[in-house]
Amino acid sequence: MNTEFLIVTLLVGLGTWMLRFLPTRFMRGTGNPEAPLSRFLSATGPAAIAALYVGAILPMVSPELHAIAPLVLGSGAVIAIYYWRRDVSLATLGGAVVYGLVFAIV
């Protein structure tokens, strides 16, 4: 195994663990939603989702309709289902189903 890969993997794992452990360790009983750490953590989730989404769709972006149709319709389904039901898991599942169906048809 590549040593650099192992070091990066361990550092990412440590960072992930710290993002999960430290807030529970240092915010016990505070409950202050205006605290800097609370604001940081409430922004981290949406920012991480947006970063993952952009990283996932960039390789799929193409000017050809048959290549981009599953992406556009799947993303549209996620947005529509979320605004309809306000349920992240249902929106994700619906978007995946629409993406898969359009991919199979086109």
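Structure notes:
- Taken over the stretch 1-60, residues that are at pLDDT 75 or above, surrounded by 10 or more Cβ atoms within 10 Å (Cβ to Cβ) and aromatic (Phe, Trp, Tyr) amount to 4.
- Filtering the stretch 66-106 to residues that are touching a residue at least 40 places away in the same chain (Cβ under 8 Å) and assigned to a helix (DSSP H, G or I) leaves only His66.
- Whichever residue in the stretch 71-88 is surrounded by 10 or more Cβ atoms within 10 Å (Cβ to Cβ) and modelled with pLDDT under 90 and, among such residues, is farthest from Val106 (Cα to Cα): Asp87
The values are calculated or read from the model by the stated rules, or taken from the named source; none is laboratory data. Just so you know, these numbers come straight off a predicted model, no measurement behind them. We place every Cβ from the backbone using ideal geometry, glycine too, and count neighbours over all the protein chains shown.
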